[in-house]
Amino acid sequence: MSTIVIDPVTRIEGHLRIEAETDKSGVVTSALSSGTMMRGIEIILKNRDPREAWAFTQRICGVCTVVHGMTSVRAVEDALGYTIPTNARHIRNLLMGSQLVQDQVTHFYQLTSMDWINVVSASQANPTTTAELQKCHSKWPNNTSAYFESVRQKLANFIASGQLGLFSNGYWDNPGYKLPPEMNLMLFAHWLEALEWQRKVLRMQAIFGGRNPHPNFTIGGVACSFHMAPNAAGILVPAPGSTGVDQAGLDLVQSCITDMRNFVVQVLRPDVLALASYYKDWFTRGEGVGNFLTYGEYPQDDNADLAKNLFVPRGAILDRNLSNIQSVDLRKTDEVQELIPSSWLGYTKGKSIGLHPFQGETTPDYTGPKAPYDKLDASKPYSWMKTPHWKGHHMEVGPLARVLVMYGKRTASVRDHVDSALKDLGLSFDAMYSTMGRILAQSIDTHVVADQLQVWFNQLTANVAGGDFKTHNAAKFNPSTWPASCKGVGFTEAPRGALGHWVTIDAAKISNYQCIVPTTWNAAPRDTGGKGGPYEMALLKHTLAVSSQPLELLRTIHSFNPCMACAVHIMDPRQDETLKVTVCA
Amino acid sequence: MKAFTQALGAAQRPSVIWMSFQHCTGCSESLMRSGSPLSDRLTVENLILNFISLDYHETLQVAAGAAAEDARMAAMKANFGKYILIVDGSVPTAENEWWLAVNGHSGLSLLHEAVAGAGLVLALGACATFGGIPAAFPNPSKAMGVSDLMDKGMIDKKPLINISGCPPIPEVITGTIAYYLVNQAMPPLDALGRPLVFFGKTVHDCCPRLDHFNAGEFATSFDDDGARKGHCLLMLGCKGPDTFNACTTTKWNQGTSSPTQAGHGCIGCSEPNFWDKPGGVYGFSSGFKTGDGTCAAPVLPSLPLI
């Protein structure tokens, strides 16, 4: 029996430590997931203006740079009963959707793919054969032998330099790498292209939000206005200007949406399917807890209750039961709760209870090692993360949860994508509950949102063409219009899954602010009964081909797309209760 | 430049060690946004394949765990006294030192060790330069930026460039690295250690709304008639007049737009302690500072074509 430690887990956001115990035959028998960084953003939020909470919470994570800002303005708007104009809804959907598509493509190529593709092998590929690989599946213009030869040459020169930089000390001799050289070359070429693609398509966020990372938000709508002027017929239309959203800006947004979708359809989807076909054994391991949760996203109408009509629906699945998608209420105190038996945190009533975020309290209580250490003790607190539960269960959140909820709710596009992918691969539906199933689900989730971007953009331009230019509702921006006391919850589907912010406002100041973020659900440490969270359960039964190279564990951890950026919990000294913000999307 | 190009052909690419502490990864994301069409040389892929050897970067490197730490230690040893250390994120200190640990070591001890062998330290972003959001009142983790740690003797004093901003502008990151590679020297810095070429003007100096400010035309609410006409955002809390940065000259996302151009006031993210300005994000900015008086976009340092 031995312990495998991975710290730092790289190619993720933030600071994560994994420890796995293996038995005599090298099979993982238990695993431990520890978040090792904490900042304290919530005490910093205390007593500040709720209107600026978006800017603070946005800095929880620069990778999911849209989602905390969005969730924060929604939480404050929910508390105030503050509605936003139709155009603002469309623009927010475009910001959220484009973030998701960019982030998930970047996650697949920059953060995940090197677990499966071997760059040393890629440098030895035949470029002509490489160009044949996707001929039947993709119209991508770069898939030519001349292009692949230029990439291969670049890579070969880089390796010959002897300085491997980002690629140094990879497990390039590990027998777990199964792709032929040509597949490796194609995917490495797309690794490079994805870098170029993401910075190009994200320019649309600068049109609506001024910049990315960390675009503008505001409560009551969006901060950008349309720059309008009368046309020849005297009708106001988006016109050239040095500020605001003008026609050139809208044209750029359209081109970004087109480029986003083309890359997803012609590169990401065929690449994931091709990769999966070489690693079918990874459709049989890596399931987490078998329970899945979504909060939902992309409001489809202007209903004051955002959850009423969502493109990605809200729901909970227990024990893989897709025929019973259960409803979820973020305000009910017995549904979402946070526990702390394994966390470096305390509750006034002890470590054995769970608290709904509106009642949440968190007191930092670091009892971990204070000298260099080799191993953490799973029988004591071992993480800055809390352990969230829904109705007493660990839940997995993220693209797989979304795809399963949409599949269960019979969303036609998702059913078609899933059924045809599984048919191509010759797999049954149970294959989805796995490491590779998670990667496949992420590509399908990306595809359906990439398709929808065009729909939202068309709705936006049609609404503007119809004479509605409004992007902000000023009615409740002034705190003098607010009630003395109120509280609200904001939600979204971040790329990594369900994200919620719970805010309490007293006398126009934040008195309590709490977040439960996707990675808190997935990276959760053991609960009161000692049951591990999704990462910890997913790693069980893995075996390593080479005992000093935890490649197999990284594959499964990366399939969840971890984002650790904080597990930040803080006491509110005035009320002697705790404010907390957990982590990043 | 010619000598550099020739040297590059023969010599090793300079080793760069990028270490992240209390960070949000926004600085690395910003790095990834640098490049064409604004500058086809200042892309992350051109830098890492042709000009630097990025020997440690937790978000992008392939190796993990022990293999990643071994790569870092080997690069630090082989390039001792010479490597460029890029730091993002602040560092928790004192009794809260263990609020950040990597591979069983505290963040502070890791930074101390890495700075000792660095030829140049590049502090990237609001947190590494001036403490940033973790150090905002009341600074629960006792977080500090690199220059404060150097001043207090908690890490060695080394040549330091501060590239502030939350996050910094993509081409300000890559342009500063390129300047150092091409000139083998630090660029001229302002009193806060920031490259003057990028931090010599205020956001207000070069704002596309400046003419309206001069005419006394102000937006008083988001999307009001003034906002739609591009009027000045000062009444909505804009901190442009006392914020030095290139947002309104270099702009963001390869020159596409900037926060004030797109309708929200500047939040002042390149200045020390901007999270704690009296009045907050939407309060009135009272400090007016003057930059160098010109509004040409900074000329980006050019890397040779490979």
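The values are calculated or read from the model by the stated rules, or taken from the named source; none is laboratory data. Since this is a predicted model, take the numbers as computed values, not measurements. A quick note on method: Cβ atoms are made from the backbone with ideal geometry, for glycine too, and the neighbour counts reach across all protein chains shown.
Count of the range A:105-156 residues, restricted to those that are of a type in the set (S, T, N, Q) and under 26 Å from the mean Cα position of the chain (by Cα), is 5. Are any residues in the range B:252-268 farther than 19 Å from residue A:471 by Cα and facing chain A (nearest Cβ under 8 Å), and if so, which ones? Passing the criteria: B:252, B:253, B:254, B:256, B:267.
Matching residues to (1) within 14 Å of another protein chain (Cβ to nearest Cβ); (2) surrounded by 24 or more Cβ atoms within 10 Å (Cβ to Cβ); (3) under 22 Å from residue B:250 (Cβ atoms):
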{"site": "B:147", "(1), (2), (3)": "no, no, no"}
{"site": "B:154", "(1), (2), (3)": "no, no, no"}
{"site": "B:159", "(1), (2), (3)": "no, no, no"}
{"site": "B:189", "(1), (2), (3)": "no, no, yes"}
{"site": "B:194", "(1), (2), (3)": "no, yes, yes"}
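For residue B:269, the criteria (1) within 18 Å of the chain's Cα centre (by Cα); (2) surrounded by fewer than 24 Cβ atoms within 10 Å (Cβ to Cβ); (3) not hydroxyl-bearing (Ser, Thr, Tyr) hold in every case but one, which is (2).
Conditions (1) more than 20 Å from the chain's Cα centre (by Cα); (2) surrounded by 23 or more Cβ atoms within 10 Å (Cβ to Cβ); (3) at the interface with another protein chain (Cβ under 9 Å from one of its Cβ atoms); (4) without any contact (Cβ under 8 Å) to a residue 24 or more places away in the chain, marked per residue:
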| position | (1), (2), (3), (4) |
| --- | --- |
| A:11 | no, yes, yes, no |
| A:15 | no, yes, yes, no |
| A:29 | yes, no, no, no |
| A:38 | no, yes, yes, no |
| A:56 | no, yes, yes, yes |
| A:60 | no, yes, yes, no |
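The set of residues in the range A:197-251 that are facing chain B (nearest Cβ under 7 Å), without any contact (Cβ under 8 Å) to a residue 60 or more places away in the chain and closer than 29 Å to residue A:110 by Cβ comprises A:199, A:203, A:206, A:207, A:210, A:211, A:216.
Taken over the range B:255-279, the residue count meeting the criterion of being modelled with pLDDT of 95 or more and assigned to a loop (DSSP other than H, G, I, E, B) is 17. Against the condition in a helix (DSSP H, G or I) and either within 22 Å of residue A:17 (Cα to Cα) or among the hydroxyl-bearing types (Ser, Thr, Tyr) (or both), how does residue A:461 come out, does it pass? Criteria met by residue A:461. If only residues of the range A:171-209 that are among the aromatic types (Phe, Trp, Tyr) and outside any helix (DSSP H, G or I) are counted, the one that is nearest to residue A:10 (Cα to Cα) is A:171.
Criterion first (of a type outside the set (Val, Ile, Thr) and either within 18 Å of the chain's Cα centre (by Cα) or under 22 Å from residue A:271 (Cβ atoms) (or both)) does residue A:459 satisfy it? Judged against the criteria, residue A:459 is not a match.
Conditions (1) at pLDDT 95 or above; (2) in contact with a strand residue (DSSP E or B) (Cβ under 8 Å, 6 or more places away or on another chain); (3) buried (at least 22 other Cβ atoms within 10 Å of the Cβ), marked per residue:
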| residue | (1), (2), (3) |
| --- | --- |
| A:474 | yes, no, no |
| A:496 | yes, yes, yes |
| A:503 | yes, yes, yes |
| A:533 | yes, yes, yes |
| A:548 | no, no, no |
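The rows are residues; the columns are (1) modelled with pLDDT of 95 or more; (2) within 22 Å of the chain's Cα centre (by Cα).
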| site | (1), (2) |
| --- | --- |
| A:186 | yes, no |
| A:219 | yes, no |
| A:229 | no, no |
| A:235 | no, no |
| A:270 | yes, yes |
| A:284 | yes, no |
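For the range A:341-376, give me each residue that is of a type in the set (A, V, I, L, M), without any contact (Cβ under 8 Å) to a residue 60 or more places away in the chain, closer than 20 Å to residue B:107 by Cβ and crowded, with 17+ Cβ neighbours inside 10 Å.
none
If you check residue A:265 against the conditions, is it within 14 Å of chain B (Cβ to nearest Cβ) and touching a residue at least 40 places away in the same chain (Cβ under 8 Å)? Taking the combined requirement at face value, the residue does not satisfy it. Considering the range A:377-399, the residues that are surrounded by fewer than 23 Cβ atoms within 10 Å (Cβ to Cβ) and within 26 Å of residue B:99 (Cα to Cα) include one that is nearest to the other protein chains (Cβ to nearest Cβ), namely A:377. State all residues of the range A:139-155 that are in a helix (DSSP H, G or I) and either touching a residue at least 60 places away in the same chain (Cβ under 8 Å) or within 12 Å of chain B (Cβ to nearest Cβ) (or both); if no residue qualifies, say none. A:151, A:153, A:154, A:155, listed by residue number.
Which residues, taken from the range A:230-245, are crowded, with 20+ Cβ neighbours inside 10 Å and either of a type outside the set (A, V, I, L, M) or more than 16 Å from residue A:468 (Cα to Cα) (or both)? Hits for the range A:230-245 are A:238, A:241, A:243, A:244. When the residues of the range A:332-376 are filtered to those that are among the β-branched types (Val, Ile, Thr) and more than 14 Å from chain B (Cβ to nearest Cβ), the one that is nearest to the chain's Cα centre (by Cα) is A:336. Restricting B:218, B:222, B:198 to those that are surrounded by 24 or more Cβ atoms within 10 Å (Cβ to Cβ), more than 24 Å from residue A:56 (Cα to Cα) and at pLDDT 95 or above reduces the list to B:198. Candidates A:106, A:128: the one that is surrounded by fewer than 24 Cβ atoms within 10 Å (Cβ to Cβ), part of a helix (DSSP H, G or I), facing chain B (nearest Cβ under 9 Å) and of a type in the set (Val, Ile, Thr) is A:106. Residue check: residue A:476 meets all listed conditions (1) within 14 Å of another protein chain (Cβ to nearest Cβ); (2) farther than 30 Å from residue A:298 by Cα; (3) charged (D, E, K, R); (4) part of a loop (DSSP other than H, G, I, E, B) but one, namely (2). Remark: pairs (first residue in the range B:110-124, outside the structural domain of residue B:158 (by TED's automatic domain parsing); second residue surrounded by fewer than 24 Cβ atoms within 10 Å (Cβ to Cβ) and modelled with pLDDT of 95 or more; Cβ separation under 7 Å; 6+ apart in sequence or on different chains) are absent.
To keep it simple, each residue is scored yes or no on (1) crowded, with 22+ Cβ neighbours inside 10 Å; (2) within 30 Å of residue A:224 (Cα to Cα).
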{"site": "A:141", "(1), (2)": "no, no"}
{"site": "A:160", "(1), (2)": "no, no"}
{"site": "A:163", "(1), (2)": "no, no"}
{"site": "A:172", "(1), (2)": "no, no"}
{"site": "A:183", "(1), (2)": "yes, no"}
{"site": "A:188", "(1), (2)": "yes, no"}
{"site": "A:193", "(1), (2)": "no, no"}
{"site": "A:200", "(1), (2)": "no, yes"}
{"site": "A:207", "(1), (2)": "yes, yes"}
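Checked against the criterion of being over 21 Å from residue B:31 (Cα atoms), in contact with a strand residue (DSSP E or B) (Cβ under 9 Å, 6 or more places away or on another chain) and in contact (Cβ under 8 Å) with a residue 60 or more places away in the chain, the candidates B:294, B:290 yield just one match: B:290.
Against the condition surrounded by fewer than 16 Cβ atoms within 10 Å (Cβ to Cβ) and either of a type in the set (Asp, Glu) or on the phi > 0 side of the Ramachandran plot (or both), how does residue A:468 come out, does it pass?
Answer is yes for this residue.
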